[in-house]
Amino acid sequence: MSISKTYQFSEVEDKWYSYWLEHKFFKSVPDEREPYTIVIPPPNVTGVLHMGHMLNNTIQDVLIRRARMKGKNACWVPGTDHASIATEAKVVNMLKERGIAKADLSREDFLKYAWEWKEKYGGIILEQLKKLGASCDWDRTRFTMEEDMSEAVIDTFIHLYKKGWIYRGVRMINWDPRGLTAVSDEEVIRKEVNQKLYYIKYTLTEAEGDATHIMIATTRPETIMADSAVCINPNDERYTHLHGKTVKVPLINREIPVILDEYVTMDFGTGCLKVTPAHDLNDYELGQKHNLPVIDILNDDGTLNDKAEILIGEDRFTARKKITVLLEEAGALEKVEEYRSQVGFSERTDAVIEPKLSMQWFCKMKEMAQPALDYVLNGEVKLIPDKFINTYRHWMENVRDWNISRQLWWGQQIPAWYLPNGQFVVAKTLEEALTEAKSIDATLTAADLRQDEDVVDTWFSSWLWPISVFDGFKNPDNADINYYYPTNDLVTAPEILFFWVARMIMAGHEFKGKAPFKNVYLTGIVRDKLGRKMSKSLGNSPDPIDLIKKYGADGVRVGMLLCSPAGNDLMFDESYCEQGRNFANKIWNAFRLVKGWEVDATLPATNAIAINWFNSRFNEALAEIEDLFAQYRLSEAIMAVYKLVWDDFCAWFLEMVKPAYQHPIDAESFNATVKFFENILKLLHPFMPFLSEELWHDELFGERNAQDCCIVAQLPEIEQTNTQLLADVEKLKQVITEIRNTRNTKQLSPKEALELHVKQSSAVDYQSFVPVISKLGNISSINFADDKIAGAASFMVSTDEFFIPLANNIDADAEIARLQKDKEYLVGFLKSVNAKLSNEKFVNNAKPEIIENERKKQADAEAKLQIIEENLKFLAI
RNA sequence: GGGAGCAUAGCUCAGCUGGUUCAGAGCAUCUGCCUUACAAGCAGAGGGUCACAGGUUCGAAUCCUGUUGCUCCCA
């Protein structure tokens, strides 16, 4: 049977994924083992896999698979959130294509269509995760709008309302005129944009001497009709004459007062501020303070309403253009300047956010923020990397109340019922609401009550996620929640640290008395190699599924991790996936080599050195990798595995034990190699699950039954290493590298066997390395000599000298020049070491071990220098 | 405007409590090899005033101050 020269991942991946599913390796039920739990950050049900997910879920899968292989009961809970704004937009579009307008539908009918959409198109992303190899317990897949989960949301709402932490009020909120809903502060993305600053003349109602008008600078001329006042700084001497006056709003000639407030910055614009309480947060607060009327001139969709008096029905941006023309014609526009400033955009619809006064539901944050902050500050919840603690604290200390109502249908409807007189009651069902309402007015019937039309913010579902996925609300004492909660690690993007992570901690404390997880690993943002964030609009994001097709899931996973330093953004480049694929291929070919070996049991065992050395090296790497995982330094962990496999195992160990072409290998070497290979597969598995599982089942590794899979194999225990052997083999490797280097510089064929003479002064047991040196260096004979060899290329490894006789091939001048250079370096080096050692302050202040070390450096350098001097003399003869 | 972080090889990054793991890794580059596991490979090599300027110290990539440049968060 011939085995392909390259690893054909496409034939392997689906096969093993199905096999794992079939044998229920991802499934977790509580048992006597220690649990290791991760809840997935639920992606939008509308979402498709992007590079951020790819990174995120690769990390989670690596952690989960590793925990499984360390004997933990690993449970990774998948699911999606209902993403009210995004989903509702998709459904509205679907309806539009069928010629149906949302406005013509009842809430009930609309929701029917929404569910239809969800069943048909939703959750694609979960299928995509399977391609990546995600070992989620799919039986536990949850969706934030399932009945139980929604019930938990409603109960939570009622609970917090009764506690006085949820209230209803008119506040300035962020309005999305495209999504036609309020959005939270966190869903507003601020971007720097080029704008224009318009200078507009407001005429004084009564001229004051020469002064007939005042000048106002604004970026939003279309809102002048909503002005309630003009504000100046009381200390501004330019405008003292205006105190107590009134001015007229241009075009509509409404009279408004000039008010005084130190809030106004004297050196920005003209020093006069138009106050528009309905359309600006700061103006609103100013208006409250000065008792100004609120004139809202905008409809929900961003068009002007009749309060504007002019340009009624025009969109706000069209109105802005038109009003500048009108102002110009009226002679009220003085000038227009270019201006750069921050504008808020809706995260979901990218519409410019409109500050708007609105009656909304809010959740108080202060009380819940304090304990949630404490968890992080006292280390019960660790943020990795810890630089986020500062940011977290800052946010938690300045947290504002959370606007939780959304003017949508897709989501959990707010459990509040209005009475005809405008009062309301909060209750789980209409019946309960009626009972309560009757205590206000006994004559009321169910028909008199009207439920609040709005739904709660999707985050108001997802903050319960770590509890609700285990049914912790309905059955607060069930086996799952008791076993899995609190979970272990949460892997997510730093951009949702506040509106998701922080709130989960709040909910965890409030409803379970415990934080929902122990560690929060915050991944970086995936950027392209120019450092730009990957986004749909830039089109700079590769489709992860295409990458998987091109490089294999294992290759992409490795590529992802290679470029993701802990906590830093990553500059993704496809070449990393290529590197991952090449690595998979390397392993595949190592396998092909070993697979092809024939064993001759009568042969003597000759590779004890190589076997003992690799065993030590493997355990050394195992300990190193363990440590890196403990610090969540996954990119360094994969690199450690990469070097162990590629350099130590393939380039050194296999080359050492590899029999000559078409020769058999002895049984001991073979068995050791197979055992090492098997351990390597285990180590690789969390990173490269498909390839490792594929090879695991080859008969090379013995009989496997259906349950005997790499995915559930147990990682080897870390054993003691032989540090002396490890150090000596480093010397051995240097010798071989020097021999190869000599060949290279002297242009000798690797096929030509050479002689080697060793003049040794160290204690390294080169004698025992003779077979390895001969094999890897293609050395025909090794002599241990006391004298230097004439007419030979030479090199040094520490203070041991090596000679390769090369009859006519020695350029004495070049040798001398090389030695001179080494000598110069050593002389300089010695000088600095000697200077240190003769410095009294150094000798008095430095730690003894440091001084000892300097002495050793001194002795080594002197010994080496002496040899070089001798060699120079020797060559000069 | 307020706060945080970063700056080390062409690129992406390590470098922990200052001192031979102190200038390192992988990729890329260059040279030579299609050597019967792998050219998606093998063997070698080159490449950095550790952003800049001061300071502390016997000793600084590492600690302190300032400057410049970039990123993020909040207003």
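Coordinate-derived values only; no laboratory data. Bear in mind that the values here come from a model prediction, so they are computed numbers and not experimental data. No Cβ is skipped: glycine too gets one built from the backbone with ideal geometry, and neighbour counts run over all protein chains shown.
Below are the figures for this structure:
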quantity: Order by protection proxy (mean Cβ within 10 Å, highest first), peptides A:54-63, A:215-224, A:814-823; calculated: A:54-63, A:215-224, A:814-823
quantity: Given charges at beta-carbon only (K, R positive; D, E negative), |dipole| of chain A in Debye; calculated: 980
quantity: Top positive-direction residue, dipole computed over chain A with Cβ charges, set A:F802, A:L430, A:C363; calculated: A:F802
quantity: Computed E for A:Q8/A:Q714 - FRET, C-beta separation, R0 30 angstrom, nearest 0.05; calculated: 0.55
quantity: Cα centroid separation - the stretch A:601-655 against the stretch A:327-362, whole Å; calculated: 61
quantity: Projected label distance in nm at A:L21 and A:K514, using a 7 Å step from Cα toward the beta-carbon; calculated: 3.3
quantity: Highest to lowest packing among A:20-28, A:399-407, scored as the average C-beta count within 10 Å; calculated: A:399-407, A:20-28
quantity: Stretch gain in nm, segment A:E840-A:S106, where the contour uses 0.36 nm per residue and the Cα spacing is subtracted; calculated: 255.2 nm
quantity: Cα gyration tensor shape for the stretch A:1-160, rounded if a/c is under 1.5, else prolate or oblate; calculated: oblate
quantity: 16 Å cut-off, amide nitrogen to a point 7 angstrom out along A:E574 Cα→Cβ, residues in the stretch A:42-74; calculated: A:51
quantity: Residue-by-residue Karplus 3J(HN,Hα) for the stretch A:326-335, coefficients 6.51, -1.76, 1.60, Hz, glycine and proline x; calculated: 4, 5, 4, 4, 7, x, 9, 9, 7, 7
quantity: Chain A: angle of helix A:766-777 to the longest principal axis, Cα-based, in degrees nearest 10; calculated: 70
quantity: Amide hydrogen neighbours beyond the local backbone of A:I665, cut-off 5 Å, H modeled; calculated: A:E598, A:V599, A:D600
quantity: Proximal lysines relative to A:K856, as straight alpha-carbon distance under 20 Å, when same-chain residues fewer than 8 apart are discounted; calculated: A:K731, A:K823, A:K831, A:K836, A:K841, A:K847, A:K864
quantity: Residues with amide H under 5 Å from that of A:N44, placed H, sequence gap 5 or more; calculated: A:D81
quantity: Subset of A:K658/A:K751; A:K72/A:K382; A:K162/A:K191; A:K366/A:K512; A:K15/A:K586 violating a 27 Å alpha-carbon distance limit; calculated: A:K162/A:K191
quantity: Size of electric dipole in the stretch A:202-332: Cβ of Lys, Arg +1 and of Asp, Glu -1, about Cα centre, debye, nearest 20; calculated: 120
quantity: Square roots of 5 times each gyration tensor eigenvalue, C-alpha, chain A, largest first, Å; calculated: 70, 38, 24
quantity: Calculated from backbone phi, Karplus (6.51, -1.76, 1.60) coupling profile of the stretch A:289-304 in Hz, x at Gly/Pro; calculated: 5, 9, 6, 8, x, 9, 10, 8, 9, 10, 7, 4, 8, x, 8, 7
quantity: Distant-in-sequence amide H partners of A:T205 (H built 1.01 Å from N, under 5 Å); calculated: A:T246, A:V247, A:K248
quantity: Those residues of the stretch A:10-49 whose amide nitrogen sits under 17 Å from the label point placed on A:K595, 7 Å along Cα→Cβ; calculated: A:10-16
quantity: Estimated FRET transfer efficiency when R0 is 56 angstrom, pair A:N671-A:Y825 (beta carbons, to 0.05); calculated: 0.75
quantity: Cross-link pairs beyond the 27 Å C-alpha cut-off, checked among A:K549/A:K682; A:K118/A:K428; A:K130/A:K428; calculated: A:K130/A:K428
quantity: Added length on full extension, which subtracts the Cα-Cα distance from 0.36 nm per residue, A:K533 to A:Q858; calculated: 111.8 nm
quantity: Among A:G777, A:N744, A:L756 - extreme Cα towards positive end, dipole of the stretch A:718-800, charges at beta-carbon; calculated: A:N744
quantity: Pair A:D306, A:D647: separation of 7 Å Cα→Cβ label points (nm); calculated: 8.0
quantity: Paramagnetic label zone (point 7 Å from Cα along Cα-to-C-beta, A:E849; backbone N under 18 Å) in the stretch A:707-749; calculated: A:723-724
quantity: Kirkwood hydrodynamic radius over Cα pairs of the stretch A:308-414, then Stokes diffusion coefficient at 4 °C and 1.567 mPa s, in µm²/s; calculated: 68
quantity: Cα long-axis angle, helix A:667-684 against chain A (0 to 90 degrees, to the nearest 10); calculated: 10
quantity: Net dipole in debye of the stretch A:279-383 [+1 Lys, Arg Cβ; -1 Asp, Glu Cβ; about Cα centre; nearest 20]; calculated: 300
quantity: Contour minus Cα-Cα distance for A:L603 and A:D786 (0.36 nm per residue); calculated: 62.4 nm
quantity: Theoretical FRET efficiency, 1/(1+(r/R0)^6), r = Cβ-Cβ of A:A727 and A:I124, R0 41 Å, to 0.05; calculated: 0.15
quantity: C-alpha long axis of helix A:812-838 to longest principal axis of chain A, angle in °; calculated: 60
